[in-house]
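Computed from the coordinates by the stated procedures, all read-outs in this text should not be read as laboratory data. Please read these numbers as outputs of a predicted model, since none were measured by experiment. All Cβ positions, even for glycine, are placed from backbone atoms using ideal geometry, and neighbour counts span all protein chains on display.
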Amino acid sequence: MITKELLSPKSIVIVGGSDDTRKTGGSALKNLIDTGFRGKLMVVNPKAENVQGIKSYPSVEELPQVDLAILAIPANSCPDAVDILCSKKGCKAVIIFSAGFHEDSEAGAQLEEKIVKIVNKAGASLIGPNCIGVLTPEYSGLFTKPIPKLSRDGVDIISGSGATVVFIMEAAMQLGLKFSSVYSVGNSAQLGVEEILKHMDETYEHGVSSPVKLLYIENIGKPEMLLKHASSLIKKGAKIAAIKSGYSEAGSRAASSHTGALASPDKAVSALFKKAGIIRCFSRNELVTVASVLMYPKPKGDKVAIITHAGGPAVMLTDVLSVNGIKIPHFKGAQADKLLAKLYPGSSVANPVDFLATGTAAQLSDIIDACEKDFDVDSMAVIFGSPGLTTVYDVYDVLLEKIAKCSKPVYPVLPSVVNVKDEIEVFQSRGGISFPDEVTFGQALSRVISTKEPELDFQLPPVDKKMIRKVIDESANGYLSPEKVQKLLDAAGISRAKEAVAADEISLRRAAKDLGYPLVMKVIGPVHKSDVGGVVLNVTDDETLLTEFNRMMKIKDTTSILLQPMLSGTQLFAGAKREGGFGHLIMCGLGGIFVEALGDISTALAPVSKHEASDMITSLRGYKIIQGTRGQEGVNEVLYNETLRRLSALCKVAPEIFEMDINPLLGNSRQVIAVDARIRIEKE
């Protein structure tokens, strides 16, 4: 619950306020005073009657009514103080800077739990503990510096780390990026990243609210809430970029299937972000650069004009954009010749448009006008620094003018952070946001252009829900028998190969007669069949059938032999893995032994739409094999797409599915058919 007192308090008390601005309580008080908080300020400090010129009370019990309390006192003193504030002083918002709670010990966790119960009972908001505070247009409730310039059309940031958000703000301010609000949620005892984002979604007004949201997340405790409100915000017109730290695989648990080995919590994070339309970043610098790109209008397409007075940076920007699939159209013809005539000899308008180190502000204006009106591009990147010989105020004035007037976004790359430091400061003071490095900018622009909006409304293929539930409800935890796997595949509408199970020679001969040669034989029992010699292909006669049967039945853990017709096609893979609160990761790739050998896997978070399934398939590095290459027959992508969506629908009806492999799926131009499948269920 986010109260109006947290967002816009009329009175604030610093409990533990001090004259010493090197202490958190003293620094927070100074920030409130220096930024001109217009409401009533109070302090609780039993050792002083006035603190930094503000009236001080000896205890919280002697305070008058107060909207917001900021606590900078020892952890063990916080519960009693919060209790008095919320029950007797009408306090509806609490920010706790103090550490020593659940991040420290079990005793600290109990203190934190007690505080949450108090604020919940009072219908109050709690930020922290163990945080640096809150910054809104109404007040600066932080104990740190810097305090960035606030603007209602700046960015909102929510961070699980106090120190990190300070570093992010510092990096952002160097680009001219402004903030609208800052929330450091610390331990997220009551309000975490998800709850703050939920509030931003529920109160969002396009054209009024901050257009860009930045997230620094250390733990996603409520993935469904994050997905729901992030995708809703983006559909309303907002843009979101986020860092989720802790993405290494060092802590990944062992798994018994291909899917389990290839899936990971971090893949679930990436899949959630992609599904929501969140741009995932991996560093502070990348985050603020993406945010700065997002503050400009989004280009309508992927064609970029590069305008430069320096060749090298233009080549590097061309490289990074091209590698990421962004187009740099070649300019030629009458309009290109007309523009070239306005530039100095030696200039080039081919794109990049290089108007030399001697290029002028007037020439830059002509180039931008041509890109706006005459050339088929969707955005412009202007690289303009200085060798330090002259000032470039006039050039940056032109940039500001064109940024404001052009229908296509104009991105200023201003690399001379020393030579024209003063000009850049003036540019940014007038609302300009600039980029010091062309490659970092190019990577960010590529991410922005390639990120798709979330798809919220779509239908999954119909499945036999009654049969699926019957099989799951009647099964114990662990791997299902082949017969039950077959029933689930049939109920989900996933095409599968005809098959039979043989445990003796009589059933073996009967199965071979029913299925017909050539056959495939596979052991039932061992998990990784190929590793133990438990797969035999292209069995064409009774003698080989019997010989291999007798050999395979001696393999450890083998209970029987599965027989299937020998089919032909490209080996594909489809799988699912339940990943905690994220739900199921649906996966696809090339099948057979290539699954783990190549690691060429695409993932999406269930439920999977038709467009998401298509993206999964086409983003594979081995996609050319699926299309068909060098005379090899291609795979029916419509059927492969449907198989992935049916797998997604199966997991929705049967959330107990913990791991599922369909490997291989055999695909050709006529069919995509499951040859082997394993399903492991784990009931909560």
Separation of the Lys470 and Ala361 label points, Cα + 7 Å toward Cβ, nm: 8.0 nm
Candidates per trypsin sites (Lys or Arg not before Pro) in region 352-431, loop by DSSP, up to 12 other Cβ within 10 Å: Arg430
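Say R0 is 60 Å: what FRET efficiency, to the nearest 0.05, do Val532 and Glu49 get from their beta-carbon distance?
So, using R0 = 60 Å, E works out to roughly 0.15.
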Percent of beta bridges antiparallel (DSSP, the chain, rounded to nearest 5): 50 percent
FRET efficiency estimate (nearest 0.05) - Cβ-Cβ, Asp153 to Tyr393, R0 30 angstrom: 0.75
Whole-Hz couplings from phi, Karplus 6.51/-1.76/1.60, listed for region 295-304; x for Gly and Pro: 6, 8, x, 6, x, 7, x, 10, 9, 10
Sites matching trypsin sites (Lys or Arg not before Pro) across region 620-650 that sit in DSSP coil, with at most 16 neighbouring C-beta atoms within 10 Å: Arg621, Arg630
Fully extended contour minus Cα-Cα distance, from Asn477 to Asp542, at 0.36 nm per residue: 19.6 nm
Estimated inter-spin distance, His611 and Gln335, nm [label 7 Å along Cα→Cβ]: 2.9 nm
Cβ-based exposure ranking for His309, His206, in which fewest neighbours within 10 Å come first: His206, His309
Value of [θ]222 nm, deg cm²/dmol, for the chain, DSSP H segments ≥ 4, -39500 (n - 2.57) each, nearest 500: -11000 deg cm²/dmol
Net lengthening on full extension, Met173/Glu218 (0.36 nm per residue, minus Cα-Cα): 13.9 nm
Relative pair counts by distance (%), Cα atoms of the chain, 10 Å bins: 3, 13, 19, 18, 17, 14, 10, 5, 2, 0, 0
Cβ-placed point charges (K, R +1; D, E -1), dipole of the chain about Cα centre in debye, nearest 20: 960 debye
Exposure proxy ranking, count of Cβ atoms within 10 Å, fewest first, for Leu585, Leu546: Leu546, Leu585
Label-to-label distance, nm, for residues given as Glu62 and Tyr344 (7 Å Cα→Cβ offset): 7.4 nm
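Tell me, Met1, Met295 in order of fewest to most beta-carbon neighbours within 10 Å?
Values: Met1 14, Met295 20.
Going from sparsest to densest Cβ surroundings: Met1, Met295.
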Links that overshoot a 26 Å alpha carbon limit, given the list Lys235/Lys408; Lys236/Lys274; Lys114/Lys683; Lys228/Lys577: Lys114/Lys683
FRET efficiency, Thr559 to Thr203 (Cβ-Cβ, R0 45 Å, nearest 0.05): 0.15
Whole-Å distance, taken between Cα centres, linking region 47-69 and region 113-142: 18 Å
Distant-in-sequence amide H partners of Ile279 (H built 1.01 Å from N, under 5 Å): Ile240, Ala241, Ala242
